[in-house]
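What follows is a set of notes on a single structure, which appears directly below.
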Amino acid sequence: MKYKPLLVAHRGFSGRYPENTRLAFAQAKKLGVDGFELDIQLSRDKKVIVFHDETLERTTNGSGLVGGKTLAELKKLDAGGGEKIPTLAETLKQFKDGPQLYIELKYHGKGEYKPLVNAFLKTRDRQKMKYPPVICSFNWPALEYLRKRDKNIGIEVLHIRKPFTSVLKFAGKIKAWGLFTNTKEISPKKVTLAHKQDLNVFAWTVNDRQIAARCRLAMVDGVIGNYPDKLR
């Protein structure tokens, strides 16, 4: 069988459509991607929303901290091209039949991560999914807490600028499914070491064919990019 890594759209088809919106996700699905990555955090009134940044300025017509706004206030904003900031519940419902969702727990260094993990699990459990969501995060304590709450959920360890031995050790400790590794840190040796530990390796962010080719030579299991149309 010909080797072909999975193709994951980063924040949806974010290179051409407003990131982390229903439109970006729908357009990624039209391309036939294997999955897409999205980011979640809490609004002021503890609703799980799909949004990347800590603040609103870069991707919306709003300003201030995302966590300082209620869901109703966030829904009034334009997230690009008339798109609205989606909730996790809306997104799960829209894509309950696929593709695979890779959900990053965002944590901007303030407050406690447990409320986000708990709110995610509660939201997930309300929606039956063909492919149960896989979780990733740079916040390793959050992943450790998630594993304690759910023994079976798929977890991918996000990492950058950490000793690879410590990454592998932590992944083994929490029984992770794999690693989300920055393209600058991808190498055949690291991928081989991960595979020996039965971990998959996804490379991010892959936005041109040259980088994609290097990742394929390293035998990664998946590539995550803003322009999935360029990576087929």
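Readers should treat all values here as calculations from the given coordinates under stated rules, not as data from a laboratory. No experiment lies behind these values; they were computed from the predicted model shown. Every residue, glycine as well, gets a Cβ built from its backbone with ideal geometry; the counts of neighbours run over all protein chains shown.
Computed from phi, the 3J(HN,Hα) profile of region 52-57 under the Karplus parametrisation 6.51, -1.76, 1.60 (θ = phi - 60°) reads 8, 6, 6, 10, 8, 4 Hz, with x in place of Gly and Pro.
For residue 231, no residue 5 or more places off, or on another chain, has a built amide H under 5 Å of its own. Distances between placed amide hydrogens fall under 5 Å for residue 200 paired with 178, 179, all partners being 5 or more residues away or on another chain. Summing Lys and Arg as +1 and Asp and Glu as -1 over all other residues whose Cβ lies under 9 Å from the Cβ of residue 176 gives a net charge of +2. Extension gain for residue 174 to residue 138 (0.36 nm times residue separation, less C-alpha to C-alpha distance): 11.6 nm.
Against the longest alpha carbon principal axis of the chain, how many degrees, from 0 to 90 and to the nearest 10, is the axis of helix 140-149 turned? Result, in degrees: 80.
Rounded to the nearest Hz, the phi-derived 3J(HN,Hα) couplings of region 183-189 under the Karplus curve 6.51 cos²θ - 1.76 cosθ + 1.60 (θ = phi - 60°) are 4, 5, 10, 6, 8, x, 5, where x marks glycine and proline. Going from the residue with the fewest nearby Cβ atoms within 10 Å to the one with the most, 137, 43, 14 rank 43, 137, 14. Sorted from greatest to least, the principal axis extents spanned by the alpha carbons of the chain come out as 48, 37, 33 Å.
Our note on the geometry: Cα centres of region 93-123 and region 77-91, 16 Å apart.
Of 181, 60, 165, the residue with the greatest mean-square motion in the GNM of the chain, using alpha carbon springs below 10 Å, is 165. Overall shape: prolate for region 1-103, with the ratio a/c of the largest to smallest alpha carbon gyration tensor axis at 1.5 or above and a/b above b/c. Per-residue extension of 0.36 nm, minus the Cα-Cα distance of residue 131 and residue 76, leaves a gain of 16.7 nm for this segment.
FRET efficiency for the residue 152 to residue 210 pair, using the beta carbon distance and R₀ = 45 Å, is estimated at 0.75.
Computed about its Cα centre, the charge dipole of region 6-230 is approximately 520 debye, with only Lys, Arg, Asp and Glu carrying charge at their Cβ. Note on region 155-221: percent of Cα-Cα distances in each 10 Å bin, starting at 0 and stopping at the bin with the largest distance, equals 23, 58, 18, 1. Only helices enter this figure: runs of n ≥ 4 DSSP H residues, each worth -39500 (n - 2.57), summed and divided by the residues of the chain, yield -8500 deg cm²/dmol at 222 nm to the nearest 500. Phi angles across region 160-168 convert, under the Karplus curve 6.51 cos²θ - 1.76 cosθ + 1.60 with θ = phi - 60°, into 3J(HN,Hα) values of 7, 6, 10, x, 5, 5, 6, 5, 5 Hz, Gly and Pro given as x. Spin-label model, residue 162 to residue 187: label points 7 Å out along the Cα-to-beta-carbon direction sit 1.9 nm apart.
Region 125-201 and region 1-59 have their alpha-carbon centroids 19 Å apart. Highest mobility in the GNM of the chain, judged by mean-square fluctuation with C-alpha springs under 10 Å and restricted to 208, 150, 39, is found for 150.
Please list, by residue number, everything in region 149-188 whose backbone N is under 14 Å from a paramagnetic label point 7 Å out along Cα→Cβ of residue 54. What the label zone holds, given the 14 Å backbone N cut-off, is no residue at all.
What does the extension gain come out to for residue 219 and residue 232, with contour length at 0.36 nm per residue minus their alpha carbon separation? That pair, residue 219 and residue 232, stretches by 3.1 nm at full extension. Under 5 Å between amide H atoms, partner at least 5 residues away or on a different chain: which partners does residue 136 have, H built in plane at 1.01 Å? Amide H neighbours of residue 136, under 5 Å, 5+ apart: 103, 104, 105, 156. Projecting the Cα atoms of 163, 27, 98 onto the dipole axis of region 6-230, where Lys and Arg carry +1 and Asp and Glu carry -1 at the beta carbon, places 163 farthest toward the positive end.
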